[in-house]
Amino acid sequence: MTVPLAEIAHARSGDKGDTVNIGVIAWRAEDFEVLRREVTAERVKAFFGELVTGEVERYELPNLGALNFLLHGALGGGGTLSLRTDAQGKTFASALLGMPVEVAVSNGTESASN
Amino acid sequence: MIRIANGQGFWGDWLEAPVRLVEQGPIDYLALDYLAEITMSIVQKQKLADPNLGYARDFPPLIGRIARQIRERGIKVVANAGGVNPVACAREVRRLAPELKVAVVEGDDLYPRLDELLGRGHMLANMETGEPLVSVRDRILSANAYIGAFPVAEALATGADVVIAGRCTDTALALAPMIHAFGWGAEQWNLLAAGTIAGHIIECGAQCTGGNCYVDWMSIPDMAGIGYPIVEAEADGTFVVTKHAGTGGRVSADVVKEQLLYELGDPRSYLTPDCTADFTTIQLADDGPDRVRVSGIRGRARPEKLKVSIAYQWGYKAIGSLVYTWPQAMEKAGAANRIVRERLAALGLRFDEIYTEYFGVNACHGPAAVANLDPPEVQLRIGVRGADKKAVDRFTRELVPLVLSGPPGATGFGDGRPPVREVVAYWPALLDREEVRTKVEVLA
């Protein structure tokens, strides 16, 4: 079944120059594998479309059940140059939490902690 | 065990937070992080206007407020409040709190040495673009090396009540007290990485105690009285993240995970002047209410070079807005956007970028935004950026006329035309660490 990413993970985003980072953390350790399978760098890049002009990199932190994404060229120049409302990429995390992901029905979304 | 609190995540953070950290429970060190990447250029401009300024001006009055208590209880304050004028900052602290001994860490300011460094062949190339610094030499406003925790620990060793640094790393503010209290050495990479990660967790203040947090945020108690973070650090490099009893907010492993991922690059190589910290080695465990135990952290050798933060005058920008209402709010805003762009083109004005957002529809999330097909109102927000101040200024006169000469129902223009703002841009570079020599000065 398809659910929003928020059902299985939480997230926080921030900036470094013109790059946005999004940390995505599984609520339950067993869902880290679902994150690894579903939330690929390619899908994240496609999800944000024209907002991200550069590459998307993905790093894994299995000890935290987390993935870290670097979205390059994502802030219209970054820092003081950016003309955007969200010049520091603070809200990229909440957008990504709306991305549809495929989970097994037995995952029991009704018991998700958020 | 020592208790290190962080009472300020940036210059502009909650003024009451550090006072409450002192008043609401036990702490040994109060770390205050005032500097963001662009703050150095702001303080540099202030110093050019008045040679007695150029530092975080909120800091001396704060120390005045808490001086008696920190003196009586032996709490040490560690802050990167010095900006480009740490000695002036220290003098103002001494004026407001003459009973305190103040130590200043100097040597991060490379601005007076730029020609010397460039002359000896240091390129100070932009880490993102590779461009050599000479291409913007005449527009540079400030240049500071990021210094690490050891010079700050050296300042603590003077017995100062307050240690003021310029551009030291945010993480050094927490690591330095551990080096000072536990006698950690310069090559004890695992311990230095642990202290660095403790610093990373608390450097953004309440972001690790329930602020800006997606862990069931609506159930987080008493955010008005949110407790700022405290690290209970042990000599073996393990530590507990917590907050004072009875304060608002929440500390749990999930909350701390969010902050660990904040502004993170390659998790295996978190580079600081002190060490390379490996975030994939961190082990977290809930340790009672509002307590998270952190252990297992491993690190590697520090990088060969120091990062340098340079700010330079880039040009100008202006951002203006108008509000359009239902019906066809989005269509009206879109039509107004096209009219503005057509008029700017007809004037022959050139910009580096013209950027349009429809606030209420897609401003923050762009193509990822949840569809809002018939919004009751939309704020058209247009920004321009360019080197030509006259062109940017002319743009600021092109929005309000649409109230009479554009689509129907425009409002929200109460402040008139938007201001033209100078753009100071950030230029990250690398420099051999031998070129940066710090020293500690004591004012007592």
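The values are calculated or read from the model by the stated rules, or taken from the named source; none is laboratory data. Since this is a predicted model, take the numbers as computed values, not measurements. Positions of Cβ are backbone-derived with ideal geometry, glycine not excepted, and every protein chain shown enters the neighbour counts. Accessible surface areas use protein heavy atoms only, side chains included; no ligands, DNA or RNA. Shrake-Rupley method; radii C 1.70, N 1.55, O 1.52, S 1.80 Å.
Going from the isolated chain to the complete set of protein chains, region B:422-444 loses at least 10 Å² of heavy-atom accessible area (1.4 Å probe) at B:V423, B:V424, B:A425. Taking 0.36 nm per residue of separation and subtracting the current Cα-Cα distance, fully stretching the chain between B:M223 and B:K390 would add 55.6 nm. Structure remark: mean-square fluctuation, Gaussian network model of chain B, C-alpha springs under 10 Å; the largest value among B:S219, B:S405, B:S321 belongs to B:S405. In this simple spin-label model, placing a label point 7 Å from the Cα along the Cα-to-Cβ direction at both B:A235 and A:E102 gives a separation of 5.6 nm. Buried accessible surface for the B/A pair, both sides summed and rounded to the nearest 100, is 3700 Å² with a 1.4 Å probe. Rounded to a whole number, what % of the accessible area of region B:130-189 do carbon and sulfur atoms account for, probe 1.4 Å? On region B:130-189, the fraction of accessible area on carbon and sulfur atoms equals 51 percent. As a length-normalised measure over Cα pairs under 8 Å and 6 or more apart, the relative contact order of region A:2-104 settles at 40 percent.
Between B:R291, B:R250, B:R113, find the one with the highest GNM mean-square fluctuation for chain B; connect C-alpha pairs within less than 10 Å. It is B:R113. Fraction of C-alpha pairs exceeding 17 angstrom in region B:310-427: 56 percent, rounded to a whole number. Between helix B:329-346 and chain B there is an angle of about 80 degrees, using the helix long axis and the longest principal axis of the Cα atoms.
With both labels modelled 7 Å from their Cα along Cα-to-Cβ, the B:K101 to B:L118 distance reads 4.2 nm.
Mind putting a number on the dipole of the protein assembly as shown about its Cα centre? Charges go on the C-beta only, +1 for Lys and Arg and -1 for Asp and Glu, and I need it in Debye to the nearest 20.
Details: 57 positive and 70 negative charges, 304 e Å.
That gives a dipole near 1460 debye.
Charge dipole of chain B (Cα centre as origin; +1 on each Lys and Arg Cβ, -1 on each Asp and Glu Cβ, all else neutral): 1080 debye, rounded to the nearest 20. Summarising the amide proton neighbourhood of B:V424: residues at separation of 5 or more, or on other chains, whose placed amide H is nearer than 5 Å comprise B:W314.
Springs join every pair of Cα atoms under 10 Å in this Gaussian network model of chain B, and among B:S295, B:S269, B:S135 the largest mean-square fluctuation is at B:S135. Relative contact order for chain B: what is it in percent, counting Cα pairs under 8 Å that are at least 6 residues apart? Once normalised by length, the contact order is 18 percent. For region A:20-31, putting each phi into the Karplus relation 6.51 cos²θ - 1.76 cosθ + 1.60 with θ = phi - 60° gives couplings of 9, 10, 10, x, 10, 10, 5, 5, 10, 3, 5, 8 Hz, in residue order, rounded to whole numbers and with x for Gly and Pro.
Averaged over the residues of peptide B:251-263, the number of Cβ atoms from other protein chains lying within 10 Å of each residue's Cβ is 6.
In chain B, the longest principal axis of the Cα atoms and the axis of helix B:189-202 are about 50 degrees apart.
Taking all protein chains together and a 1.4 Å probe, the residues B:H200, B:H365 rank B:H365, B:H200 from largest to smallest accessible area. Counting, for every residue in A:70-79, the Cβ atoms of other protein chains within 10 Å of its Cβ and taking the mean gives 3. Applying the Karplus relation 6.51 cos²θ - 1.76 cosθ + 1.60 with θ = phi - 60° to region B:150-158 yields 3J(HN,Hα) values of 5, x, 6, 5, 4, 5, 5, 5, 6 Hz, where x marks Gly and Pro. Spin-label model, B:L347 to B:N372: label points 7 Å out along the Cα-to-beta-carbon direction sit 2.8 nm apart.
Computed from backbone phi, the HN-Hα couplings of region A:61-71 come to 10, x, 5, 10, x, 10, 10, 10, 9, 10, 9 Hz, rounded to whole numbers (Karplus: 6.51 cos²θ - 1.76 cosθ + 1.60, θ = phi - 60°; Gly and Pro given as x). Residues whose amide H lies under 5 Å from that of B:A410, counting only those 5 or more places away or on a different chain, are absent; hydrogens are built 1.01 Å from N in the peptide plane.
Direction-averaged projected area, Cα convex hull, chain A: 6.7 nm², rounded to one decimal.
Of the GluC sites (Glu not before Pro) in region A:6-99, the ones in a loop by DSSP (not H, G, I, E or B) with at most 16 other beta carbons within 10 Å are A:E55. Note on exposure: B:F182, A:F92, B:F359 ranked by accessible area (1.4 Å probe, complete protein assembly) read B:F359, B:F182, A:F92, with the most exposed listed first.
Our summary gives region B:310-427 a relative contact order of 48 percent, counting only alpha carbon pairs under 8 angstrom and 6 or more residues apart. Summing charges over neighbours of B:L173, with a neighbour being any other residue whose Cβ is under 13 Å away from its Cβ, gives -2 when K and R count +1 and D and E count -1.
Using only Cα atoms, find the angle between the long axis of helix B:39-49 and the longest principal axis of chain B, and express it within 0 to 90 degrees, rounded to the nearest 10. Its long axis makes an angle of about 80 degrees.
Amide H contacts of B:V78: B:L30, B:A31, B:L32, B:V163, each under 5 Å away and 5 or more positions distant or on a separate chain (H built 1.01 Å from N in the peptide plane; Pro and chain starts excluded). Here r is the Cβ-Cβ distance between B:R65 and A:E42 and R0 is 60 Å; the resulting FRET efficiency, rounded to 0.05, is 0.70.
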